[in-house]
Amino acid sequence: RGIKMGVSHHWRLGICLLLFCLSCCRAQRLTLDSVEADDVEAPYRTPATLQCEASFVDLAPSLGSFNITIQKEEGNHSAAEKKIEVFVATLTILSALYTDSGVYLCNATYEDQYKSTSFSLSVTETLVFVEQPQDTTVPLNQTAEFTCITNLPSIKRWLKNSLPLQFPAGSSKFEETENTLKIHLVEFADMGSYTCVVQLAGEVIEESGYLTADEYVAPHVIGVPGIDLVDGDMTSPIICKVFGTPEPVYLWHKDNISVTTEISKNGPYIDSENRLILSNANARHSGLYTCTGTNNITRDSASKSYNVTITSWLHIFLRFFLCNYL
């Protein structure tokens with residue numbers, strides 16, 4: 001009897017475990033809740049990306065039992081790339097045409113469950129760049145090229161540093177085609193911003209790229225931070241060296257007032273080597289002197305300031321006497 005009761009007990013326990021497992025399986029069954037997608041607008045001949053996403057009640061299933069697709073309701077669409085990532089379907093039409101406009105269906109399946117939604121793609125006549133000018137660096141005497149392509153036929157013109165680009169008669173410096181601008185035998189003077197301006201009816205768009213010569217070096221200054229001179233001392237010109245390629249142009253200022261290059265016997269001036277000369281220096285020549293080197297093509301500049309203190313002989317004598325005898 002004990003053996004019989006033991007077997008009966010095990011049977012009842014096994015049945016209970018089976019029922020519990022079945023109820024758990026039913027409880028864990030996932031429900032495909034919805035599929036969502038937004039309407040899309042894309043300019044003509046530009047990439048159009050369509051997306052739809054499935055959502056589940058509770059946890060998401062494994063990809064092995066799930067599928068989601070996007071397709072045009074009627075007809076075919078242009079060449080496209082398809083991708084499924086997690087529970088999102090993506091359809092990227094590489095160059096949208098007007099015939100790609102229409103209703104698209106997103107279908108999701110999970111086991112015996114099915115959800116679907118529809119959304120629209122509208123291909124518009126908005127003027128946009130398909131390829132625009134980019135910043136570029138090329139060696140001297142080589143050819144630089146800027147590309148300017150739009151999705152619609154339009155009128156194009158080029159600017160350099162915000163001014164209309166000139167195409168001198170008989171010159172081969174600039175070469176313009178339907179979609180490109182080439183600058184041959186690049187010089188430092190060619191550096192700057194090149195802008196493609198595109199017009200269609202009343203709509204105007206523009207994009208710029210900057211041309212830099214590979215050998216270009218921005219101005220930078222080497223000099224001493226402060227100088228002490230004695231009244232009447234003319235033997236020590238203030239040297240400021242601005243390095244850069246091409247060579248920068250120098251300017252000197254004293255307390256924000258320009259210093260002349262005209263030789264003076266009683267005031268500061270700039271000599272032929274861009275050095276600051278203080279003739280018959282005295283206390284009134286003390287002040288803040290600033291040396292600036294500017295590249296006239298790019299307008300890049302660098303500057304360095306010198307605090308110049310000019311002490312009179314009387315002041316030196318008094319300081320020496322007071323320090324040593326009092």
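Just a few scattered comments:
- Peptides 286-297, 204-215 ranked from most to least packed give 286-297, 204-215, packing being the mean of other C-beta atoms within 10 angstrom over each peptide's residues.
- Sparsely packed loop sites in the stretch 110-178 (the GluC sites (Glu not before Pro) outside DSSP H, G, I, E and B with at most 15 other Cβ atoms within 10 Å) comprise 111, 125, 178.
- The candidates 263, 93, arranged from most to least accessible area with a 1.4 Å probe in the full protein assembly, appear as 263, 93.
- Spatial separation of Cα centroids for the stretch 70-147 and the stretch 273-300, in angstrom: 60 Å
- Electrostatic bookkeeping for residue 92 treats Lys and Arg as +1 and Asp and Glu as -1; over the other residues with beta carbon under 11 Å from its beta carbon, the sum is +1.
- Of the cross-linked pairs 241/265; 72/115; 160/241, those separated by over 22 Å at the C-alpha level are 241/265; 160/241.
- Within the accessible area of the stretch 38-137 (1.4 Å probe), percent carbon and sulfur: 46 percent
The values are calculated or read from the model by the stated rules, or taken from the named source; none is laboratory data. All figures in this text were calculated on a predicted structure; none of them were measured in a lab. Quick reminder, even Gly has a Cβ in these numbers, built from the backbone with ideal geometry, and neighbours come from all protein chains shown. Only protein heavy atoms, including side chains, enter the accessible area calculation; ligands, DNA and RNA are left aside. Shrake-Rupley method; radii C 1.70, N 1.55, O 1.52, S 1.80 Å.
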